[in-house]
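Just below is one structure, and these are the notes that go with it.
The values are calculated or read from the model by the stated rules, or taken from the named source; none is laboratory data. Only a predicted model underlies this, so the values are computations on that prediction, with no experimental measurement involved. Quick reminder, even Gly has a Cβ in these numbers, built from the backbone with ideal geometry, and neighbours come from all protein chains shown. Accessible surface areas use protein heavy atoms only, side chains included; no ligands, DNA or RNA. Shrake-Rupley method; radii C 1.70, N 1.55, O 1.52, S 1.80 Å.
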Amino acid sequence: GEDHWVGKLTPADWKEFNRAWALFVRRDGAWPEARDRWLARGGPAPFVLAENLVRYFLSASAHGERTDLNRVAVNARVTGEPAAAYFANLLAIDTWPLKKPARVRQSDGSVKEVTAWVNDDVTRQHAALVLAAIGEPAVPSLTAPDVLRSRVPGTRRYAMYALGRIGSDGAVDALAALLSTPDWQDRGAAAKGLGLALTYRKNERARPALERASRDPDEFVRTKAQEGLSGRVKWEF
């Protein structure tokens, strides 16, 4: 989908975007106005911005730059649903083949040829931060089967935490449904998400589900439910 949209841009369009994007990279105060002008074009514009935010995000995540991660989150929120789709895909993806091999120096001084980008839970945690900042427009992407039914535990659980931090009715309903999953760690993550919704978003819709989780057969799930009900759950990101 993205290639189709991006392919509609003319060279002049790309020139305009690159001028605007340079403002973001330089942390220029003129960036928000330039960004909003670009997004107002509609069509492929938000998808182009979302893709560039992902690229910037990957560098910030790899280097642990929290300030830059927060900048990405703020701009992803303004971009809305297109950014949500990109970052949910980043949450779900396991590996991504590189267009051409890269040579990466290892800690022992040797050089290794890398042919694919490999995801990890640090990146997924950071993606959850961005998706939570996007808010309600991210809920459909976060509740998609390839996310909540992923074979990767970190994908499922960080999605649940992001849903909890968003805390809308739709997010709470999705988390409540996950309290019946056979995996006790997933049930615990769902209970934590519900606790986030109750604590940070004051969404009382989460309370009955947490009370149900407090009677779960597993002690870990019961503990997470009690933390949520008592307001002791924390958003660590």
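In the stretch 88-147, what count of residues is obtained for those that are under 30 Å from L196 (Cβ atoms) and in contact with a strand residue (DSSP E or B) (Cβ under 8 Å, 6 or more places away or on another chain)?
Number satisfying all stated conditions: 6.
Residue by residue, here is whether (1) in contact with an Asp or Glu (Cβ under 9 Å, 6 or more places away or on another chain); (2) touching a residue at least 60 places away in the same chain (Cβ under 8 Å); (3) more than 20 Å from A206 (Cβ to Cβ) holds:
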residue	(1), (2), (3)
K100	no, no, yes
E113	no, no, yes
D120	no, no, yes
R124	no, no, yes
L131	no, no, no
A138	yes, no, no
P145	no, no, yes
R149	no, no, yes
Y158	yes, yes, no
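Find the residue count for the stretch 161-171, including only residues that are outside any helix (DSSP H, G or I) and open to solvent by 20 Å² or more (accessible area, probe 1.4 Å). Give the derivation first.
Filtering the stretch 161-171 for residues outside any helix (DSSP H, G or I) gives 167-168.
From what's left, open to solvent by 20 Å² or more (accessible area, probe 1.4 Å): 168.
Number satisfying all stated conditions: 1.
Name the one entry in N89, N70, N75 that is of a type in the set (S, T, N, Q), surrounded by 21 or more Cβ atoms within 10 Å (Cβ to Cβ) and at negative phi.
On inspection, the qualifying residue turns out to be N75.
Quick one: in the stretch 125-154, of everything that is in a helix (DSSP H, G or I) and polar (S, T, N, Q), which residue is most open to solvent (accessible area, probe 1.4 Å)? Steps first, answer last, please.
Filtering the stretch 125-154 for residues in a helix (DSSP H, G or I) gives 125-134, 136-142, 145-148, 153-154.
Remaining after also requiring polar (S, T, N, Q): 125, 141.
Working: Q125: 55, S141: 25 Å².
So the residue we want is Q125.
Could you list, in sequence order, all residues of the stretch 13-43 that are open to solvent by 80 Å² or more (accessible area, probe 1.4 Å) and not aromatic (F, W, Y)? It would help to see each step written out before you state the result.
Step one: of the stretch 13-43, the residues open to solvent by 80 Å² or more (accessible area, probe 1.4 Å) are 14-15, 18-19, 26-27, 33, 37, 40-41.
K15, N18, R19, R26, R27, E33, R37, A40, R41 - these are the residues of the stretch 13-43 that are open to solvent by 80 Å² or more (accessible area, probe 1.4 Å) and not aromatic (F, W, Y).
Would you check which residues across the stretch 48-67 are surrounded by fewer than 21 Cβ atoms within 10 Å (Cβ to Cβ) and under 19 Å from D120 (Cα atoms) and list them?
V54, R55, Y56, L58, S59, A60, A62, H63, G64, E65, R66
Conditions (1) in contact with a Lys or Arg (Cβ under 7 Å, 6 or more places away or on another chain); (2) of a type in the set (V, I, T); (3) under 19 Å from S61 (Cα atoms), marked per residue:
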residue	(1), (2), (3)
V104	yes, yes, yes
Q125	no, no, yes
I134	yes, yes, yes
R165	no, no, no
A174	no, no, no
T181	yes, yes, no
K192	yes, no, no
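How many of the residues in the stretch 174-220 are open to solvent by 70 Å² or more (accessible area, probe 1.4 Å) and under 19 Å from the mean Cα position of the chain (by Cα)?
At the first step, the residues of the stretch 174-220 found to be open to solvent by 70 Å² or more (accessible area, probe 1.4 Å) are 180, 182, 184-185, 200-202, 204-205, 207-208, 211-212, 215, 217, 219-220.
Checking which are under 19 Å from the mean Cα position of the chain (by Cα) leaves us with 200-201.
Total satisfying the criteria: 2.
I need every pair where a residue in the stretch 170-190 that is modelled with pLDDT of 95 or more has its Cβ under 8 Å from the Cβ of a residue that is surrounded by fewer than 16 Cβ atoms within 10 Å (Cβ to Cβ) and not in a helix (DSSP H, G or I), sequence separation at least 6 or different chains.
W184/D218; R187/T181; R187/D218; G188/D218; A190/T181
Restricting the first residue to the stretch 21-39 and requiring it to be more than 16 Å from G80 (Cβ to Cβ), which pairs with a second residue that is open to solvent by 40 Å² or more (accessible area, probe 1.4 Å) and at pLDDT 95 or above meet a Cβ separation below 6 Å and a spacing of at least six or different chains?
If the second residue must be open to solvent by 40 Å² or more (accessible area, probe 1.4 Å) and at pLDDT 95 or above, the pairs left are L23/A30.
Do you know which residues across the stretch 112-124 are polar (S, T, N, Q) and either part of a helix (DSSP H, G or I) or open to solvent by 30 Å² or more (accessible area, probe 1.4 Å) (or both)? Spell out how you get there, then give the answer.
In the first step, residues of the stretch 112-124 are kept if they are polar (S, T, N, Q); the result is 115, 119, 123.
Those that are polar (S, T, N, Q) and either part of a helix (DSSP H, G or I) or open to solvent by 30 Å² or more (accessible area, probe 1.4 Å) (or both): T115, T123.
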